[in-house]
Amino acid sequence: MDNLQKRFLGRDVISIRDFSREELDFLFETAGLVESRKADYAHSLEGAVLAPWFFEKSSRTNTSFQLAMHSLGGQCINFNVDTSSVGKGENLKDNARMLQGYNPDFAVIRHPKDGSARLFADLIDAPVINAGDGKNEHPTQAMLDLYSMRKAFGRIEGLKVAMAGDLKYGRTVHSLALALQKYCNCEALFISPESLRMPAHIRDELSSNSFNFSELGVEDLGKSLGEVDMIYMTRVQRERFPEGADGDELYRKVTSQYTLKKSMLEGAKLRNHFVIMHPQPKVDEIEPSVDETPFAYYYEQEKNGVPVRAALLHLIGGGKKK
Ligand code: NCD
């Protein structure tokens with residue numbers, strides 16, 4: 001086993017910060033192999049069990065982790081927050097202790113509280129994978145986003161990426177921005193309503209690492225299209241707004257403020273190779289007619305969740321390859 005592979009063994013995946021550029025590239029190469037030589041990995045994690053511990057709604061992340069685990073010959077248990085004891089007021093620590101007692105081989109956690117994945121990782125021996133902790137991070141989404149960029153452009157270095165929408169509460173853009181700074185000469189444009197700007201702590205971190213980014217208002221969405229290789233649209237994270245009147249007011253102000261329209265694409269002088277990504281689910285922020293344009297890459301992007309997560313599980317679990 002080579003050195004890079006060893007670095008993945010038994011590892012938690014809490015923040016994209018924890019992964020070096022070299023490790024990410026190794027993961028993507030493995031994901032490419034998992035995709036092209038599926039049969040070689042079919043028994044990789046035979047007998048291993050993954051616990052998908054989702055306290056929030058999920059379609060793609062949960063399904064793709066489960067499909068990934070099955071594709072490696074492993075199994076998943078079923079945990080449904082609606083029928084579990086969570087609604088009875090059990091605290092997070094007790095829940096984590098219970099999971100530790102049952103001893104799964106992997107725990108994949110999604111929870112509305114920032115920092116919850118770290119808390120689970122501190123209490124559980126098995127590798128814990130953060131599938132989204134509140135508004136904080138979603139590292140495996142960033143992994144599949146980068147993998148999708150590599151597929152679309154053949155590289156990540158030097159790309160200029162616009163991220164648009166709810167950059168304040170959107171955990172996917174936090175992880176993606178932190179990931180992009182690892183690649184040479186990448187640049188970002190952050191486009192958002194004033195009240196939903198990229199958090200200061202992330203901007204500060206990017207600045208201190210000399211990552212090149214600028215910020216624009218949503219009125220500049222159309223204008224920005226010709227300046228970038230990719231635009232990464234995100235939905236308004238309504239469920240993360242403050243509760244009560246403040247949150248309602250904020251939502252009223254920002255909803256429908258930004259929509260990527262087909263006419264904007266037609267009106268822009270786009271770069272030769274331009275794509276639109278979105279972590280999904282999308283709501284109103286992309287006009288449906290855009291789905292049929294050659295720029296819509298989000299359906300390809302979501303497919304990449306399976307090989308990237310399978311590669312990650314294979315490496316972390318020290319899986320066997322034929
Ligand atoms: C995202 C999430 O949960 O943060 N979804 C996903 O995992 N693909 C984005 C979102 O919910 O808007």
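Summary table below
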quantity: Unique match (being surrounded by fewer than 20 Cβ atoms within 10 Å (Cβ to Cβ) and either modelled with pLDDT of 95 or more or within 14 Å of the ligand (Cβ to nearest atom) (or both)) among ASP125, ASP94, ASP145; calculated: ASP125
quantity: The range 283-294, residues that are farther than 23 Å from GLU239 by Cα, in contact (Cβ under 8 Å) with a residue 24 or more places away in the chain and not aliphatic (A, V, I, L, M); calculated: SER289, THR293
quantity: Check on ARG118, more than 16 Å from the ligand (Cβ to nearest atom) and either more than 29 Å from VAL236 (Cβ to Cβ) or surrounded by fewer than 15 Cβ atoms within 10 Å (Cβ to Cβ) (or both); calculated: no
quantity: Helices (runs of 4 or more DSSP H) enclosed by the range 260-322 - at least 3 residues per element that are within 20 Å of the chain's Cα centre (by Cα) and more than 12 Å from the ligand (Cβ to nearest atom); calculated: 298-303, 305-316
quantity: Looking only at the range 220-246, and only at residues there that are modelled with pLDDT of 95 or more, in a helix (DSSP H, G or I) and aliphatic (A, V, I, L, M), the one that is farthest from the ligand (Cβ to nearest atom); calculated: LEU225
quantity: Test: residue in the range 68-77 that is without any contact (Cβ under 8 Å) to a residue 12 or more places away in the chain and loosely packed, with under 12 Cβ neighbours inside 10 Å; calculated: no
quantity: Which listed residue is within 24 Å of VAL254 (Cβ to Cβ), within 15 Å of the ligand (Cβ to nearest atom) and not β-branched (Val, Ile, Thr), from ALA200, ALA188, ALA164, ALA131; calculated: ALA164
quantity: Residues within the range 242-282 that are in contact with a Leu (Cβ under 8 Å, 6 or more places away or on another chain) and in contact (Cβ under 8 Å) with a residue 40 or more places away in the chain, tallied; calculated: 9
quantity: Search result, residues across the range 39-75 that are at pLDDT below 95 and out of contact with any helix residue (DSSP H, G or I) (no Cβ under 7 Å at 6 or more places or on another chain); calculated: GLU56, LYS57, SER58, SER59
quantity: Where VAL81 falls short, out of the listed (1) at pLDDT 95 or above; (2) within 16 Å of the ligand (Cβ to nearest atom); (3) over 29 Å from LYS253 (Cβ atoms); (4) assigned to a loop (DSSP other than H, G, I, E, B); calculated: (1)
quantity: Number of positions in the range 40-61 that are closer than 22 Å to GLY101 by Cα and within 14 Å of the ligand (Cβ to nearest atom); calculated: 3
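The values are calculated or read from the model by the stated rules, or taken from the named source; none is laboratory data. Quick caveat, the model's predicted, so the values are computed rather than measured. Backbone-built Cβ (ideal geometry, glycine too); neighbour counts: all protein chains shown.
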